[in-house]
Amino acid sequence: METEVPAILRARHTVAPERFTFHSSRMRMTHVTPEQLKAMDADSDRCAVELSDAHVDVLGYACLVAIMSMGLGYHRTSEERLHRRTVENEAPAPVVTSAGALVHGLHTLGAKKIALIAPYMRPLTRTVVEYLTHEGIEVLDYRALEIPNNLDVAAHDPAKLPGLARALEHADADAVVLSACVQMPSLGAVEEAEQLLGKPVVSAAVCTAHQMLRALDLPAVAPGAGHLLSGAYADAPLATPAASAG
């Protein structure tokens, strides 16, 4: 979140007039386990209040699996609660979660069937698959890289991702998720993977940037970030709820 979303916004500077500042507040998590993810999510209210002290215009909650591990559809609960914290702090701002952004980004693309790569251990990756399935998105195939340490996730070489994606059963997929995690870098490989696979490729970070721009009522366009931010979906609605979501 602290590298790829700002990189996307800086790339947007070359095609649009708006300029952005980036502020962050951190929740602690060193190993990607259900216990640490739950503790991390409990700390998100503090972060929302701290960031709203700066009167930011939009908040992005970075950890996709922290949201998805809290239960089906939880991104809606989280976004509503954290927005309420900003209202209580007299600095109201919309909240975008990377989990909700991935869901909405795939719906924006019209992707009903996907393949994905995640850095998580297999049980947590299955949680992601089940969460997306609940949102009306069928996961045809996935690869769990099983990297338990959060810093090791950040150190994973993005140049390996296009090859990993090509090894997935993706022929019938409408889109491929190159990184279902904002911690695992992938931005530099998104367009290469699109050319290799011949279909839209997204990441949690790309989808988060798309939804944050739409929450700001700005055209969601940025070069070098794949089809979702190409301009084809610049004015897409902020959220398109899945029919299966309660």
Checklist entry - Under 6 Å by Cβ, and 6 or more places apart or on different chains, what pairs join a residue from segment 40-58 that is among the charged types (D, E, K, R) with one that is not in a loop (DSSP other than H, G, I, E, B)? => result Asp41/Ala66; Asp45/Arg85
Item to check | Selection from segment 87-102 of residues that are assigned to a helix (DSSP H, G or I) and either under 24 Å from Gly231 (Cβ atoms) or of a type in the set (Asp, Glu) (or both) | outcome: Glu88, Ser98, Gly100, Ala101, Leu102
Checklist entry - Residues of segment 16-38 being over 30 Å from Leu229 (Cβ atoms) and part of a loop (DSSP other than H, G, I, E, B), which ones? => result Arg28, Thr30, Thr33
Checklist entry - If we keep just the residues of segment 135-150 that are of a type in the set (A, V, I, L, M) and more than 17 Å from Tyr120 (Cβ to Cβ), which is nearest to the chain's Cα centre (by Cα)? => result Ile137
Checklist outcome for this item: Restricted to segment 151-186 and to residues being of a type outside the set (A, V, I, L, M) and within 13 Å of Tyr120 (Cα to Cα), the residue surrounded by the fewest Cβ atoms within 10 Å (Cβ to Cβ) is Asp152
Checklist outcome for this item: Apart from one, (1) open to solvent by 80 Å² or more (accessible area, probe 1.4 Å); (2) at pLDDT 95 or above all hold for Ala11; the odd one out is (1)
Checklist entry - Based on what the data block shows, is Gly105 open to solvent by less than 50 Å² (accessible area, probe 1.4 Å), under 14 Å from Ala215 (Cα atoms), in a helix (DSSP H, G or I) and touching a Lys or Arg at 6+ places or on another chain (Cβ under 8 Å)? => result no
Checklist entry - Which of the residues that make up segment 77-102 are among the charged types (D, E, K, R) and exposed (fewer than 15 other Cβ atoms within 10 Å of the Cβ)? => result Glu80, Arg81, Arg84, Glu88, Glu90
Next on the checklist: Need pairs with beta-carbon distance below 9 Å; first residue closer than 13 Å to Lys113 by Cβ and touching a residue at least 24 places away in the same chain (Cβ under 8 Å) and within segment 135-158, second basic (Lys, Arg) and in a loop (DSSP other than H, G, I, E, B); sequence gap 6+ or separate chains.
Outcome noted: Gly136/Lys112; Ile137/Lys112; Glu138/Lys112
Checklist entry - Here are some residues: Leu238, Leu228, Leu196. Which one is open to solvent by 30 Å² or more (accessible area, probe 1.4 Å), part of a helix (DSSP H, G or I), touching a helix residue (DSSP H, G or I) at 6+ places or on another chain (Cβ under 7 Å) and aliphatic (A, V, I, L, M)? => result Leu196
Checklist outcome for this item: Filtering segment 18-33 for residues that are modelled with pLDDT of 80 or more and touching a helix residue (DSSP H, G or I) at 6+ places or on another chain (Cβ under 9 Å) leaves a count of 10
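The values are calculated or read from the model by the stated rules, or taken from the named source; none is laboratory data. All values reported here derive from a predicted model rather than from experimental measurement. Neighbour counts are summed over all protein chains in view; Cβ atoms, including those assigned to glycine, are modelled from backbone coordinates with ideal geometry. Remember, those area values only see protein heavy atoms, side chains included, never the ligands or the DNA or RNA. Shrake-Rupley method; radii C 1.70, N 1.55, O 1.52, S 1.80 Å.
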